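*Asks:* Here it is, the structure, as structure tokens.
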Amino acid sequence: MNEPRTGEKRLVDQQKNHQQEMPTRERILAAAAAIIGEDGVAARLSVRAVAARAEVSSGSLRHHFPTQQGLRDEVMRRIFDWVMPQSSISDTTVPARDRLVRSLREVLDMGGTGPRARESILQMTGSFIAAEHTASVREAYLATQRDGQRRMEGWLRVLAEEVSVPAQDIPRRARFLGTVLNGLALERALPAEDSLVQVESESLYAAADAVLSTGAATTSDGRGASSPP
């Protein structure tokens with residue numbers, strides 16, 4: 001009768017030993033990721049809770065991550081690196097606009113279609129819109145926003161070597177792409193008369209053409225001087 005309990009204890013001990021063998025920084029990240037996995041993306045990553053979960057001192061956690069936002073940013077980056085497919089943005093055998101559209105579509109597909117898309121939007125709404133905007137909710141949203149911005153800026157920097165995209169304008173163009181993805185993700189969750197495949201494709205290619213255009217100059221106040229974005 002004690003075998004199941006003994007086996008469970010052995011598994012817990014193995015997991016604990018494995019965690020203790022990890023470098024301190026990785027233990028902290030694993031602990032924070034576990035808390036997010038249990039309590040949701042907007043979970044509060046307090047120094048005390050994360051340090052206790054990682055079995056490190058608060059001082060050690062602060063040494064590796066001086067701010068909670070820095071810790072959350074790194075955890076979210078690791079999570080997205082794990083769930084997102086490997087980007088083919090550097091595959092020069094494919095035209096730049098096609099590679100950008102493919103990468104954008106991969107992000108969009110993470111939210112699914114139909115019922116899955118509605119569930120994703122409802123989760124986001126519950127986590128970041130309906131919920132009280134506490135410090136942890138704000139930190140969680142900004143971490144996901146910064147990670148998406150970082151990725152899209154990275155794609156544009158790769159493509160800038162092939163097309164004439166001004167380096168100083170990359171952050172603005174990446175924000176535009178993020179706005180397009182947010183709109184398309186919401187549209188997937190809403191009732192539609194016809195299939196959205198063609199409409200999405202047209203929208204993504206229009207966005208790609210806009211950000212890869214050489215005519216979207218930036219003025220001193222940060223706004224486009226000619227064509228969008």
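The values are calculated or read from the model by the stated rules, or taken from the named source; none is laboratory data. This is a predicted model, so every value here is computed, not measured. Because the Cβ atoms are built from the backbone with ideal geometry, glycine has one as well, and the counts that use them run over all protein chains shown. Accessible surface areas use protein heavy atoms only, side chains included; no ligands, DNA or RNA. Shrake-Rupley method; radii C 1.70, N 1.55, O 1.52, S 1.80 Å.
*Asks:* Working only within segment 154-186, note down all residues that are open to solvent by 70 Å² or more (accessible area, probe 1.4 Å) and assigned to a helix (DSSP H, G or I).
*Replies:* R157, A167, Q168, R175, T179, N182, L186
*Asks:* What are the pairs, 6+ residues apart or on separate chains, where a residue within segment 127-142 that is within 19 Å of V75 (Cβ to Cβ) and open to solvent by 50 Å² or more (accessible area, probe 1.4 Å) has its Cβ under 6 Å from a residue that is of a type outside the set (D, E) and assigned to a helix (DSSP H, G or I)?
*Replies:* So the pair list comes out as Y141/F128.
*Asks:* Another one. Could you identify the single residue in V163, V158 that is in contact (Cβ under 8 Å) with a residue 24 or more places away in the chain and in contact with a helix residue (DSSP H, G or I) (Cβ under 8 Å, 6 or more places away or on another chain)?
*Replies:* V163
*Asks:* M124 - would you say it is at pLDDT 90 or above and under 15 Å from the mean Cα position of the chain (by Cα)?
*Replies:* So M124 fails the test.
*Asks:* Now a separate question. With respect to R105, is the statement that it is surrounded by fewer than 19 Cβ atoms within 10 Å (Cβ to Cβ), in a helix (DSSP H, G or I), in contact (Cβ under 8 Å) with a residue 24 or more places away in the chain and under 15 Å from the mean Cα position of the chain (by Cα) true?
*Replies:* yes
*Asks:* Say we look at segment 83-101 and pick out the residues that are within 15 Å of E153 (Cα to Cα) and in a helix (DSSP H, G or I); which of these is most open to solvent (accessible area, probe 1.4 Å)?
*Replies:* For segment 83-101, the residue satisfying everything is R97.
*Asks:* Another question about this same structure. Name the residues in segment 47-82 that are part of a loop (DSSP other than H, G, I, E, B) and under 21 Å from the mean Cα position of the chain (by Cα), would you?
*Replies:* F65, T67
*Asks:* Mind listing whichever residues of segment 48-63 are open to solvent by 60 Å² or more (accessible area, probe 1.4 Å) and over 16 Å from I35 (Cβ atoms)?
*Replies:* If the condition is that a residue be open to solvent by 60 Å² or more (accessible area, probe 1.4 Å) and over 16 Å from I35 (Cβ atoms), then S57, R62, H63 are the ones that fit.
*Asks:* Is it true that R151 is part of a helix (DSSP H, G or I) and free of Cβ contacts under 8 Å to residues at least 24 places away in the same chain? Steps first, please.
*Replies:* Working: part of a helix (DSSP H, G or I): yes; free of Cβ contacts under 8 Å to residues at least 24 places away in the same chain: no.
In short, no.
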